[in-house]
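These notes are about the structure you will find just below.
The values are calculated or read from the model by the stated rules, or taken from the named source; none is laboratory data. Just so we're clear, the structure is a prediction, and the values are computed from it rather than from any experiment. FYI the Cβ positions are ideal-geometry reconstructions off the backbone, even for glycines, and counts take in every protein chain you see. Only protein heavy atoms, including side chains, enter the accessible area calculation; ligands, DNA and RNA are left aside. Shrake-Rupley method; radii C 1.70, N 1.55, O 1.52, S 1.80 Å.
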Amino acid sequence: MADIEQVREWIAGAAGVAVLTGAGISAESGVPTFRGAGGLWNNYKAEELATPEAFARDPRLVWEWYNWRREAIAKVLPNPAHKALVRLEIDKRIFTLITQNVDGLHDRAGSGKILKLHGDIWRLRCLECGANWPDRRAPLPKLPPHCQCGGVARPNVVWFGEPLPDGMMKEAEHAVESAQVFLVIGTSANVFPAAGLIPYARHAGAKVVEINTDETPYTNLADCSLRGPAGQILPQLI
Ligand code: BJW
Ligand code: ZN
């Protein structure tokens, strides 16, 4: 298995780099991950909150969970891992940041183009007219929030059983095909179709580098798996 020095050389020599991030990249900022120790879903059941059925049943309960998360995220800052990816974007001719995160910390760090596979917690969407708008208030004063048209609004995120934003997986696959190195950072790689990008990258011929505090189902498939906190490892690579 390659080591950190080897990965640094792969990155330095690559014209194209693609990156997939998950909740683990924001852990050192103080945002709880979904799974594992301290994960959000040890206390809340996913199927009770992150599904369209849950929202239809009890929009207020689902919104209370999102309001609590918005407040928590509003208080934290991007960490050295988010910032290292901004430097990498500046360095590389071909670069794509693909994230499963809805927290907006990549934007706040200064990343340019971001493929947000699971949407954005800082945007709302109307269930009636489909309008979609930014709202950074944390907490939102009145739950559930409403659209100008009078319809109930939901968080503009992707719940289980819902399709990803139109065309975005195609764009992500294309980015992976254009990359010589694919960095997979802080994701448990349990959720599809995002996790499918990892074997896809391998088949497309990219070097797959995993950065995670723990093993994942793709650790053995990776060309290199660097074990440790992203906020410490990424600044050593970039
Ligand atoms: C650190 C660290 C540090 C900690 N440094 N590392 C194929 C097979 C089986 C099932 C499916 C399949 N295809 C689709 C499905 C169904 C389903 C699915 O994947 N289910 C699985 C759970 C089995 N997928 C879907 O439903 C998706 N939609 C879909 O497929 O639609 C098809 C369709 C087409 C046409 C019409 C209709 C439908 C949608 C998935 C949406 C996921 N949504 C969520 C919520 C978003 C909103 C919100 O935030 O509230 O997205 S779920 C949640 O999981 C969130 C995350 O983005 C996602 C991934 O989690 P992530 O990022 O990996 O976090 P964790 O917590 O799991 O892992 C953290 C990692 O970090 C760990 O490994 C730690 O070790 C590590 N770590 N500290 C480095 N400092
Ligand atoms: Zn509306």
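Residue-wise HN-Hα couplings along segment 84-99, as the Karplus relation 6.51 cos²θ - 1.76 cosθ + 1.60 with θ = phi - 60° gives them from phi, are 4, 5, 5, 5, 5, 4, 5, 6, 9, 5, 10, 8, 9, 9, 10, 10 Hz; Gly and Pro carry x. The lysine pair tally for the chain, using Cα distances under 15 Å and a gap of 8 or more places or different chains, is 4. Entry note, segment 70-127: relative contact order of 35 percent, from Cα contacts under 8 Å with a spacing of 6+ residues. Can you send over the carbon and sulfur percentage of the accessible area for the chain, probe radius 1.4 Å, protein chains only? Here it works out to 52 percent. Size descriptors for the chain, from the alpha-carbon set: Rg then Dmax equal 17.9, 57 Å.
Placing unit charges on C-beta atoms (Lys and Arg positive, Asp and Glu negative, everything else neutral), compute the dipole magnitude of the chain about its Cα centre in debye, rounded to 20. Result for the chain is approximately 640 debye, rounded to the nearest 20. Between His146, Met168, Asn132, the Cα set farthest toward the positive side of the dipole of the chain (charges on each charged residue's Cβ, about the Cα centre) is that of His146. Normalised by the number of residues in the chain, the average gap of Cα pairs under 8 Å and 6 or more apart makes the relative contact order 26 percent. Relative contact order of segment 123-172, taken over Cα pairs closer than 8 Å and 6 or more residues apart, is 36 percent. Converting the Cα gyration tensor eigenvalues of segment 70-161 into ellipsoid dimensions via √(5λ) gives semi-axes, longest first, of 29, 15, 10 Å. Each Lys and Arg contributes +1 and each Asp and Glu -1, all at the Cβ; summed about the Cα centre of segment 129-201, the dipole is approximately 440 debye.
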